[in-house]
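The values are calculated or read from the model by the stated rules, or taken from the named source; none is laboratory data. The shown structure was predicted, so the numbers you read here are calculated from the model rather than taken from an experiment. Cβ sites come from the backbone with ideal geometry, for glycine too, and all protein chains shown count toward neighbours. Please note that ligands, DNA and RNA were not included when accessible areas were found on the heavy atoms of the full protein model with its side chains. Shrake-Rupley method; radii C 1.70, N 1.55, O 1.52, S 1.80 Å.
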Amino acid sequence: MHVVLVNPPNHRFDLDDLAPPLGLLRLSQSMLNDSVSVEVLDFNLDSCSGEMPDGEDFYEYATARISCRKPKIVGFTSMGINSHVSLRLAANIKQKDPHVITVFGGAHLGAIAEDLFRNFPFVDFVISGQGERTFSDLVRVLHSGKNPTARLLFDHGSPTILTHPWDAYATINLSDYFILNERKVLNFETARGCKYKCSFCYSPAHWTQRLEFPMETIISDFEIARKVGAKHLFVVDDNFLNDRHRTADICTRLAEIRDLPTWNCYASLPDIHAEIPTLLSRARCNSAYIGIDAVTSLQKKALGKFFAKSQAACLEKIRSLVAKKVTPTCSFIIDAFWPQEELEETFRWATKLRLEGAELSFHILTKYPQTKLSREKSEGVEFIDNDFRIRLMFDCPEVVINNPLAMQFPQLFPFHVNPVMDSEFYKNRLMLINLAQNLISLYPYELNDLLEGGHKGITCFFEEISKAVSRELFVDAVRFKIRSRELCEEILCKKIGFIAVNT
């Protein structure tokens, strides 16, 4: 029996985090002793390398690549934004050979399982939660000729393999990734799940319990990564700092490894205790992604996240990381329909954090399926297509941007739609937020001077710049993304005298 595991395309030009698909490699590893052959097809690699045709031509190309391998089972995953691509491919595969069995998994596809069964007859099985054990069990049952008793399979226990799937690398060509991405990145895990239950986060539903990998396995895997040529590791745990004592133990052990690859992780503000920056730095962690997300009482209540107790305390923790050369990327979640004063407070916080050396990342609020936020009542809400947002905020090929299923099933594909309300207002807010991130990143000192000089607010200032830029660019998302920075330089540097910081 031959199994093909499919990773749909996601990126085009941004190669910094390009790495082999860890989830599919773990599935592959789980089946190596089951008398089946397994192959991973990573169309994201094809997209980044430029070998993949885009748009509608992609489906013919990808369907042919899958079908020629004569699979009995095809497994699909997604990153949420590209779930429709997996579904379209599965439909094509089924049309070519109705006997092929399709299996779907991952945080997004697992969250919308019942909707998949109800609306897409070509979906045979869906796995909710971590899939290694359940997927290998399913393959084993199908290989024996038996019929599974259920189509929705839950896997919330501990996987049988708690080590990095090194043997599964035989199903890919690692050098293809390392040639494209000079950082030579591998995705890594040390744990799953998070002790926090934020309203907007997929993690509580996907990882229903926290799972920690064995310490000896973690240390060994870091050492092996160096030997296979990795220069950097992306630790994809939802929150690497969930347990301060375990974090300290891992970092202390890693600091003893010679020529350890650099690495980065996700972290949470409350868990950045006094000793953490030093421990991370000694272990060669060079950056941490920190979800500040909510800074006002309205935002905290809306997102169910109360981490940012005060600006002073937040700044102190960011300073402590920067002092140890661990670059924090501070993210903020912004509802485009929030009142202007909410945006103003977010931008003010971001400016202060940038002055301390933090990188910034602004995200538009998305009600991800099966989160607490998505369960809020939304009856009667009308939606419109929203490829402007994706073109502006993401680095995606056209096949990912164009989602013909979005308007038919708007609750399933929140990345591709937005509430009707005032679509022109929404578009202007998206440009404002995108511009704000760039301007705060480039000109934090001048913006801080404006604030301290009693300026009416930097949001109003951003709006003026955004209007000037969008008039010249005719409000085209791609042109705005590409040219807005250059036009801002002309307006701010040449006419007003701003000086950009090094980025």
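In the set (1) in contact (Cβ under 8 Å) with a residue 24 or more places away in the chain; (2) within 17 Å of Arg348 (Cα to Cα), the condition left unmet by Ile390 is number (2). Among the residues of the stretch 164-216, those that are under 23 Å from Asn286 (Cβ atoms) and among the hydroxyl-bearing types (Ser, Thr, Tyr) comprise Tyr177, Thr190. If you check Ile73, Ile127, Ile93, which single one turns out to be within 21 Å of Gln370 (Cβ to Cβ) and open to solvent by less than 30 Å² (accessible area, probe 1.4 Å)? That would be Ile127, the only listed residue that is within 21 Å of Gln370 (Cβ to Cβ) and open to solvent by less than 30 Å² (accessible area, probe 1.4 Å). Only one of the numbered conditions (1) hydrophobic (A, V, I, L, M, F, W, C); (2) farther than 15 Å from Cys198 by Cα; (3) open to solvent by less than 10 Å² (accessible area, probe 1.4 Å) is violated by Phe332, and that is (2). Taken together, the criteria exclude Met421 from residues that are modelled with pLDDT of 85 or more and either basic (Lys, Arg) or open to solvent by 20 Å² or more (accessible area, probe 1.4 Å) (or both). Let me confirm something: among Val295, Val228, Val322, which residue is closer than 22 Å to Gln437 by Cβ and open to solvent by 40 Å² or more (accessible area, probe 1.4 Å)? Just one listed residue meets the conditions, Val322. Of all the residues in the stretch 457-494, those that are at pLDDT 75 or above and not in a helix (DSSP H, G or I) number 1.
Taking the criterion of being over 19 Å from Leu89 (Cβ atoms), free of Cβ contacts under 8 Å to residues at least 60 places away in the same chain, in contact with a strand residue (DSSP E or B) (Cβ under 9 Å, 6 or more places away or on another chain) and part of a loop (DSSP other than H, G, I, E, B), the residues of the stretch 116-150 that qualify are Pro148, Ala150. Residue count for the stretch 273-290 under the criterion of being farther than 20 Å from Glu216 by Cβ, open to solvent by 10 Å² or more (accessible area, probe 1.4 Å) and touching a helix residue (DSSP H, G or I) at 6+ places or on another chain (Cβ under 8 Å): the result is 3. Exactly one residue out of Asp221, Asp249 is in contact with a helix residue (DSSP H, G or I) (Cβ under 7 Å, 6 or more places away or on another chain), at pLDDT 95 or above, of a type in the set (Asp, Glu) and not in a loop (DSSP other than H, G, I, E, B): that is Asp249. Once the stretch 409-418 is narrowed to residues that are at pLDDT below 90 and of a type outside the set (Val, Ile, Thr), the residue that is nearest to the chain's Cα centre (by Cα) is Phe415. Just so you know, in the stretch 36-62 the residues that are open to solvent by less than 20 Å² (accessible area, probe 1.4 Å) and hydroxyl-bearing (Ser, Thr, Tyr) include one that is nearest to Arg12 (Cα to Cα), and it is Ser47.
Checked against the criterion of being out of contact with any helix residue (DSSP H, G or I) (no Cβ under 7 Å at 6 or more places or on another chain) and at pLDDT below 95, the candidates Glu51, Glu60 yield just one match: Glu51. The residues of the stretch 96-111 that are surrounded by fewer than 21 Cβ atoms within 10 Å (Cβ to Cβ) and not charged (D, E, K, R), listed by number, are Pro98, His99, Val100, Ile101. Scanning the stretch 437-472 for residues that are within 17 Å of Val501 (Cβ to Cβ) and either out of contact with any Cys (no Cβ under 9 Å at 6 or more places or on another chain) or open to solvent by 50 Å² or more (accessible area, probe 1.4 Å) (or both) gives Gln437, Ile440, Ser441, Pro444, Tyr445, Glu446, Leu447, Asn448, Asp449, Leu450, Leu451, Ile458.
Quick grid of which residues meet (1) surrounded by 17 or more Cβ atoms within 10 Å (Cβ to Cβ); (2) farther than 20 Å from Cys198 by Cα; (3) in contact with a Phe, Trp or Tyr (Cβ under 7 Å, 6 or more places away or on another chain); (4) modelled with pLDDT under 90:
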residue: Leu343; (1), (2), (3), (4): yes, yes, no, no
residue: Arg348; (1), (2), (3), (4): yes, yes, no, no
residue: Ser374; (1), (2), (3), (4): yes, no, yes, yes
residue: Pro404; (1), (2), (3), (4): no, yes, no, no
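Scanning the stretch 396-443 for residues that are among the aromatic types (Phe, Trp, Tyr) and either in contact (Cβ under 8 Å) with a residue 60 or more places away in the chain or not in a loop (DSSP other than H, G, I, E, B) (or both) yields Phe409, Phe413, Phe415, Phe425, Tyr426. If we scan the stretch 290-313, do we find a residue that is basic (Lys, Arg), touching a residue at least 40 places away in the same chain (Cβ under 8 Å) and assigned to a loop (DSSP other than H, G, I, E, B)? Checking the stretch 290-313: at least one residue is basic (Lys, Arg), touching a residue at least 40 places away in the same chain (Cβ under 8 Å) and assigned to a loop (DSSP other than H, G, I, E, B). Checked against the criterion of being in contact with a Lys or Arg (Cβ under 8 Å, 6 or more places away or on another chain), touching a residue at least 40 places away in the same chain (Cβ under 8 Å) and closer than 30 Å to Ile364 by Cβ, the candidates Phe240, Phe200, Phe234 yield just one match: Phe200.
Taken together, Ser175, Ser199 contain a single residue that is farther than 19 Å from Arg26 by Cβ, not β-branched (Val, Ile, Thr) and not in a loop (DSSP other than H, G, I, E, B), which is Ser175. Looking only at the stretch 11-33, residues that are under 17 Å from Thr77 (Cα atoms) and not aliphatic (A, V, I, L, M) come to 8 in all. In the set Leu153, Leu186, only one residue is outside any helix (DSSP H, G or I), aliphatic (A, V, I, L, M) and under 25 Å from Ser220 (Cα atoms); that residue is Leu186.
Take the conditions (1) open to solvent by less than 10 Å² (accessible area, probe 1.4 Å); (2) without any contact (Cβ under 8 Å) to a residue 24 or more places away in the chain; Asn33 misses just one of them, which is (1).
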